[in-house]
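The values are calculated or read from the model by the stated rules, or taken from the named source; none is laboratory data. Note that the structure is predicted; figures quoted are calculated from it, not measured. Cβ coordinates were reconstructed from backbone atoms using ideal geometry, including for glycine residues, and neighbour counts include every protein chain displayed.
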Amino acid sequence: MSTLLNGREVANSLLEELRGEVEALKAKGILPKLVVLVAGQDPASAVYVRHKEKACAKVGIISEKLDYPADVSEEEILKKIEELNNDESVNGMIVQLPLPDHIDAGKVIKAINPYKDVDGFHAYNVGKMMLSKDFEDLAPCTPKGITKILDHYDVDIKGMEAVVIGRSNIVGKPIANMLLNRSATVTICHRHTRDVASHSRDADLVVVAVGIPKFLKADMVKEGAIIIDVGINRLEDGSLCGDADFDAMKDKVGMITPVPRGVGPMTVACLLMNTVTAAKKQATL
Ligand code: NAD
């Protein structure tokens, strides 16, 4: 059996550290606060938002959820963002994705003050993250969480052949960039890649984020490789499954994240980390 990269454990120790930081901030009169805007009733989003609220309560961050019906206008969301941008008691805000189809997510993200953009999706923060590892302070949470897991298990990424499967703005592209920031040689595969396996089979590190259950098969990875499975897929029987065929490859690979208890809890922990970072930064402005 390979080493299980236990994201839940790493996330819990990160939350514990953050609890201490939040206490210290509170002693100085700074009360970190996160606002989550939710439009519509997406069941998966509801689960993720609950996780975020629970984690905030655990570390002492004030969290507020603003629920809107699915037919809320784009204008109303933009107006609320403007209000939150100007509200000094709010350090971070996120708009839970996906948004209903009639709302332009790009426009909404652009409206968020980059200093309060704790999801790290604003072009300002994405651009900073492109520059180097030193500018990842408000970087997207899932990729940031992946780098934290790898750090925790002392994985030295420098010089590795890394393959990222998936090129979304929230996972694939930013993790590819963060691995590049850490001097990996990075290949990005996506739905138009002719032969994904021809790339992944040579990789020391594979990050798979496609949203297809068990997409990454055991014969697509090399022996001893490190596998980061970002996928969260709900199967018909209600169970969760990743994008990697965990059972088939667990004895072949060197390290692997499980689903659940892998990347998911790290995403939430990094959201809180970004909120604390934002609160600290705003206190010095
Ligand atoms: P997305 O749908 O935005 O992007 C999927 C990507 O996969 C696309 O870039 C597409 O080109 C690529 N792809 C699709 N089919 C492919 C194929 N046959 N071969 C190669 N590439 C292919 O998805 P996303 O938002 O990046 O999320 C991916 C998965 O990660 C989903 O299961 C999602 O639920 C999960 N996710 C988990 C977390 C977490 O915290 N663990 C966070 C975000 C997303």
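Can you pull out the residues in segment 146-172 that are crowded, with 19+ Cβ neighbours inside 10 Å, under 15 Å from V208 (Cβ atoms) and under 13 Å from the mean Cα position of the chain (by Cα)?
Selection gives I146, I149, I170, V171, G172.
Report every pair of residues separated by at least 6 positions or lying on different chains whose Cβ atoms are under 8 Å apart, first residue within segment 148-172 and in the same structural domain as V230 (by TED's automatic domain parsing), second away from the ligand (no atom under 16 Å from the Cβ) and of a type in the set (K, R).
Listed by first residue and then by second, the contacts come to I157/R182; K158/R182.
Any residue in segment 181-198 that's within 12 Å of E161 (Cα to Cα): show its pairings with residues that are within 6 Å of the ligand (Cβ to nearest atom) at Cβ separation under 6 Å, as long as the two are six or more apart or on different chains.
I188/R167
Please find, among G231, G238, G224, the residue that is assigned to a loop (DSSP other than H, G, I, E, B), surrounded by 18 or more Cβ atoms within 10 Å (Cβ to Cβ) and small (G, A, S).
After ruling out the rest, the residue left standing is G231.
Only one of these is on the phi > 0 side of the Ramachandran plot and within 11 Å of the ligand (Cβ to nearest atom): G224, G166, G238. Name it.
Result of the check over G224, G166, G238: G166.
So is A57 surrounded by fewer than 16 Cβ atoms within 10 Å (Cβ to Cβ), in contact (Cβ under 8 Å) with a residue 24 or more places away in the chain and not in a strand (DSSP E or B) or not?
Spelling it out, it is not the case that A57 is surrounded by fewer than 16 Cβ atoms within 10 Å (Cβ to Cβ), in contact (Cβ under 8 Å) with a residue 24 or more places away in the chain and not in a strand (DSSP E or B).
Can you tell me which of V253, V207 is within 16 Å of the ligand (Cβ to nearest atom) and either touching an Asp or Glu at 6+ places or on another chain (Cβ under 8 Å) or not acidic (D, E) (or both)?
The conditions single out V207.
Residue check, T187 against (1) β-branched (V, I, T); (2) part of a strand (DSSP E or B); (3) within 14 Å of the ligand (Cβ to nearest atom); (4) buried (at least 21 other Cβ atoms within 10 Å of the Cβ), all met but one. Which one?
All conditions pass for T187, except number (4).
Is there a residue being of a type outside the set (D, E), assigned to a loop (DSSP other than H, G, I, E, B) and within 15 Å of the ligand (Cβ to nearest atom) anywhere in segment 126-134?
No, that holds for no residue.
What are the residues in segment 135-163 that are closer than 18 Å to G92 by Cα, within 14 Å of the ligand (Cβ to nearest atom) and of a type in the set (A, V, I, L, M), if any?
The one that is closer than 18 Å to G92 by Cα, within 14 Å of the ligand (Cβ to nearest atom) and of a type in the set (A, V, I, L, M): A139.
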